[in-house]
Amino acid sequence: QVQLVESGGGLVQAGGSLRLSCAASGSFLRINSMAWYRQAPGKQRELVADITSGGSTNYAEAVKGRFTISRDNAKNMVYLQMNSLKPEDTAVYYCNAKDVFYGSRWSSHNYWGPGTQVTVSS
């Protein structure tokens, strides 16, 4: 079991910054992969960035150079620093965890937080 809770969303002007946080809790020993997804109105949910427990990262082309994903393994936290925000970044942002180790097994199940709204005004 993994429970994820996002925070840090809000309303910001274009060019501004926000930092999203995600706290993971549950009966797990390790989470190999954590990620941020987003879903804008009328669009499918898309991967924004992901990060492994070893610190390897990947970014969607649309956010590369503007967003930075990071994690604190000791605190089971993952963050998304969003700079130079654009109106097209407006979406509900979701925290994701997968490849979870429970001590006796690994699970590839995807866990999701409830999401946090990010709105960027022009």
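The values are calculated or read from the model by the stated rules, or taken from the named source; none is laboratory data. Just so it is clear, the structure is predicted and the values come from calculations on it, not from any experiment. Quick reminder, even Gly has a Cβ in these numbers, built from the backbone with ideal geometry, and neighbours come from all protein chains shown. These area figures cover heavy atoms from the full protein model, side chains too; ligands, DNA and RNA do not enter into them. Shrake-Rupley method; radii C 1.70, N 1.55, O 1.52, S 1.80 Å.
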- When Lys and Arg each count +1 and Asp and Glu each count -1, what net charge do the other residues less than 15 Å away from residue 71, Cβ to Cβ, add up to? 0
- Pseudo-spin-label distance residue 29 to residue 52, built 7 Å along Cα→Cβ, given in nm, is 1.9 nm
- Message: What FRET efficiency comes out for residue 75 versus residue 109 if R0 is 22 angstrom and r is the Cβ-Cβ distance? Round to the nearest 0.05.
- Response: 0.50
- Expected vector for the stretch 11-22, Karplus 3J(HN,Hα) from phi with 6.51, -1.76, 1.60 and θ = phi - 60°, integer Hz, x for Gly and Pro, equals 9, 9, 7, 3, x, x, 9, 9, 10, 8, 10, 9
- Per-residue ³J(HN,Hα) for the stretch 25-32, Karplus 6.51 cos²θ - 1.76 cosθ + 1.60, θ = phi - 60°, Hz, x for Gly and Pro: 9, x, 8, 10, 9, 8, 10, 6
- Accessible surface of the chain, 1.4 Å probe, proportion on carbon and sulfur as whole %: 46 percent
- Message: Quick check for you: with a 1.4 Å probe and neighbouring chains kept, what is the accessible area per residue of the chain, in Å²?
- Response: 52 Å²
- Around residue 14 (Cβ within 10 Å, Cβ-to-Cβ, excluding residue 14; K/R +1, D/E -1) the net charge comes to -1
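Restricting to DSSP loop positions (anything but H, G, I, E, B) with no more than 11 other Cβ atoms inside 10 Å of their own Cβ, which trypsin sites (Lys or Arg not before Pro) remain in the stretch 1-98?
In loop regions of the stretch 1-98 (DSSP not H, G, I, E or B), the sparsely surrounded trypsin sites (Lys or Arg not before Pro) are 43, 64, 75.
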- Per-residue HN-Hα couplings for the stretch 106-122 [Karplus 6.51, -1.76, 1.60; θ = phi - 60°; Hz; x = Gly/Pro]: 9, 10, 8, 4, 8, 10, 10, x, x, x, 9, 7, 10, 10, 10, 9, 8
